[in-house]
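Values in this text are rule-based calculations from the coordinates and carry no lab data. Quick caveat: nothing in here was measured; it's all calculated off a predicted structure. Here the Cβ is made from the backbone with ideal geometry for all residues, glycine too, and neighbour counts use every protein chain on show.
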Amino acid sequence: MFITFEGPDGAGKSTHIRAVKEFLEERGRKVVLTREPGGTTLAEQIRELLLVKSAEAMDDKTELLLYLAARAQHVSQKILPAIEAGCDVICDRFSDSSVAYQGYGRGINLGLLKQMNDWACQGLVPDYTFVMLLKPADALARLKKDGRELDRMELEDIAFKERVYNGFLACAEARPGRVVTLDASDAIETNRAKILEFLEGWLETEKR
Ligand code: TYD
């Protein structure tokens, strides 16, 4: 099973990702936890380029190509080998982030983006995607509360974040079978229960 977690910055994916890993491991499954951009040495180096604040503005095309370069490396070197070895893979962000951030956020043509993304990731599509949705103002408040320094993407203005939020909404609406949407302003326990209940149901159908 290939599971991805998505959502705006500050929506709080990490807690749930850890819970899903534990849940699957308790059931005797081998789990590989990974993230994007990153997951391999080279892809983590590309992550640095993407997230560090620089005096030189990054062109939108450069940004998309770097995210896709990191993904191509990650898919071929880590995700596909893990799936072939029989592991479940849980990934913190994947293609839907490119649709939301580079497609809706930056305004890159969605058809072109899909073609490039499919090519970069060899057509790999998650089995299930959990999208944690949080309105930009609330997400920003959470990021500020965390107190850590914001990266290049997190420093974008509220209008960009609104477009990204709408992009995630559109992804969820377009793919109701694969994408499960959660309201990140609900209690952590409520969302954890929903996610685990969903996966329990999936494991039951797999047994049959
Ligand atoms: P993330 O790992 O969630 O950041 P953090 O460590 O701060 O939680 O994601 C890094 C940033 O990259 C995030 O702002 C979303 C962005 N991103 C894209 O714009 N496009 C993509 O394809 C991916 C995978 C991430």
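Here are some notes:
- Lysines whose Cα lies under 19 Å from that of residue 78, excluding same-chain neighbours fewer than 8 positions away: 21, 30
- Stokes-Einstein, applied to the Kirkwood radius of segment 79-120 over Cα pairs at a viscosity of 0.692 mPa s and 37 °C, places its translational diffusion at 283 µm² s⁻¹.
- Stokes-Einstein D (µm²/s) once Rh is taken as the Kirkwood radius of segment 110-169 over alpha-carbon pairs, at 4 °C in 1.567 mPa s: 93 µm²/s
- Rounded tilt (10° steps) of 158-174 against the dominant C-alpha axis of the chain: 30 degrees
- With only Cα atoms counted, segment 1-54 has Rg and Dmax values of 13.6, 45 Å.
- Over all other residues within a Cβ to Cβ distance under 10 Å of residue 127, the charged ones net out to 0, with Lys and Arg as +1 and Asp and Glu as -1.
- Tilt relative to the chain, helix 60-74 - C-alpha long axis, 0 to 90 degrees, to 10: 30 degrees
- Using the average count of surrounding beta-carbon atoms within 10 Å as a protection proxy, the listed peptides 49-57, 80-88 rank, highest first, as 80-88, 49-57.
- About its Cα centre, the chain has a charge dipole of approximately 180 debye under the convention of +1 per Lys or Arg Cβ and -1 per Asp or Glu Cβ, with nothing else charged.
- C-alpha long axis of helix 41-51 to longest principal axis of the chain, angle in °: 50 degrees
- Bridgeable lysines around residue 61 (alpha carbons under 16 Å apart, same-chain partners fewer than 8 residues away excluded): 114.
- Value in Å of the Kirkwood radius, where the chain supplies the Cα pairs that are averaged: 17.5 Å
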